[in-house]
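Quick notes on the structure that follows.
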Amino acid sequence: MNYEPFILSFKLASLTAFILFIMGLPLAWYLSQTKSKLKPFIESLTALPIVLPPSVLGFYILWTLSASSPIGSFFEEYLGVKLVFSFTGLVVASCFYSLPFMVQPLQNGFESLNKNMLEASYIAGKSRLQTIFLVALPNMKQSLITAIIITFAHTVGEFGVVLMVGGSIPGETKVASVAIYEMVEIMDYSAAHVYSAIMLGISFIVLLSVYSFNAKQKRKFGL
């Protein structure tokens, strides 16, 4: 059995979760604190990948990253980085596709915090960055863990976007979901069953971990 597609999927999911945590944290904090009239607009943009068909999102990402677009041509000509049909392109596409799964749980976590606790941190002389990492995040572990795990799991299960942007290059862009699709195409159902069973098991374990952690946190705080 070839485990390379699974290794590639986990590598992609890990990088995507890490990058989105770095990028999504300040965005989630801003959305939780701002009273700007632009907030609904930004929230709508952030949540678009949830309702937008993967083929539509994949098409626009493919066009944006292609050599015929200003962004794609800049990266390819000046940085020597090809974004289409490459692992780098998959990471970029996955960050767009999984963005709401990182931002929304973090935003909900920030919004659930006691405002007096944050104000006390500022009064004590802590900066905004110190308040986020030393006060806010330790008191919203449930939202933090949920955001990271769900983002990771969602990326592992990607298909439409990664197929359009990355294609199916063995060792480069052929992730587990694409491998299963190709097995079904050639009617290799026995191999497809094995790969699908592994993906099913992983998905169940991820969800079980999230729900078990959330239940433990509720019992801990008597909720």
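Before moving on, here are some points about what is shown:
- Computed on region 4-105, with alpha-carbon pairs under 8 angstrom and 6+ residues apart, the relative contact order is 39 percent.
- Normalised contact order of the chain, rounded percent, pairs of Cα under 8 Å and 6 or more residues apart: 29 percent
- Sum of -39500 (n - 2.57) over DSSP H runs of 4+, divided by residues of the chain (222 nm, nearest 500): -24500 deg cm²/dmol
- Mean projection area, nm², convex hull over Cα of region 46-153: 9.0 nm²
- Computed FRET value (nearest 0.05) for Lys220 with Thr34, which takes r as the C-beta separation and R₀ as 41 Å: 0.85
- When peptides 203-211, 177-185 are ranked by their average number of other Cβ atoms within 10 Å per residue, the highest-first order is 177-185, 203-211.
- Rounded D (µm²/s) - region 1-101, Kirkwood Rh over Cα pairs, Stokes-Einstein at 10 °C, 1.306 mPa s: 104 µm²/s
- Cross-link partners for Lys37 among the lysines, with Cα-Cα distance under 23 Å and sequence neighbours closer than 8 places in the same chain left out: Lys115.
- Alpha-carbon centroids, region 1-51 and region 80-116: separation in whole Å: 1 Å
- Highest to lowest packing among 112-119, 23-30, 98-105, scored as the average C-beta count within 10 Å: 98-105, 23-30, 112-119
- Label point distance in nm, Arg128-Phe74, each placed 7 Å from Cα along Cα→Cβ: 2.5 nm
- Short to long, the 5 Å bins of the Cα pair-distance histogram for region 167-223 hold 4, 17, 16, 15, 13, 9, 8, 7, 6, 4, 1 percent of all pairs.
- Across the options Gly171, Met183, Phe204, the greatest Cα extent toward the positive end of the charge dipole of region 168-223 (unit charges at beta carbon of Lys, Arg, Asp, Glu) belongs to Phe204.
- Square roots of five times the Cα gyration tensor eigenvalues for region 47-90, Å: 22, 10, 8
- Ordering Thr151, Ser73, Asn139 by the projection of their Cα atoms onto the charge dipole of the chain, which places +1 on the Cβ of Lys and Arg and -1 on the Cβ of Asp and Glu, puts Asn139 at the extreme positive end.
- A Förster radius of 41 Å, combined with the Cβ-Cβ distance separating Glu182 from Ile42, puts the computed FRET efficiency at roughly 0.60.
- Size of electric dipole in region 1-95: Cβ of Lys, Arg +1 and of Asp, Glu -1, about Cα centre, debye, nearest 20: 360 debye
- In units of the rule-of-thumb radius 2.2 N^0.38 Å, region 60-121 shows an alpha carbon radius of gyration of 1.73.
- For the chain, the convex hull drawn through the C-alpha positions has a volume of 151 cubic angstrom per residue.
- Span-like helix ranges in the chain, DSSP H, alpha carbon extent 24 angstrom or more, Kyte mean at least -1.0: 4-33, 87-112, 189-220
- Between Ala191 and Ser209, the modelled labels are 2.8 nm apart [label points 7 Å from Cα along Cα→Cβ].
- For the pair Ser55 and Asn108 in one chain, pulling the backbone fully straight at 0.36 nm per residue adds 16.2 nm over the alpha carbon distance.
Each reported figure results from applying straightforward, stated rules to the coordinates on display, with no laboratory input. Computed from a predicted structure; not experimentally measured. Virtual Cβ from ideal backbone geometry, glycine too; neighbours counted across all protein chains shown.
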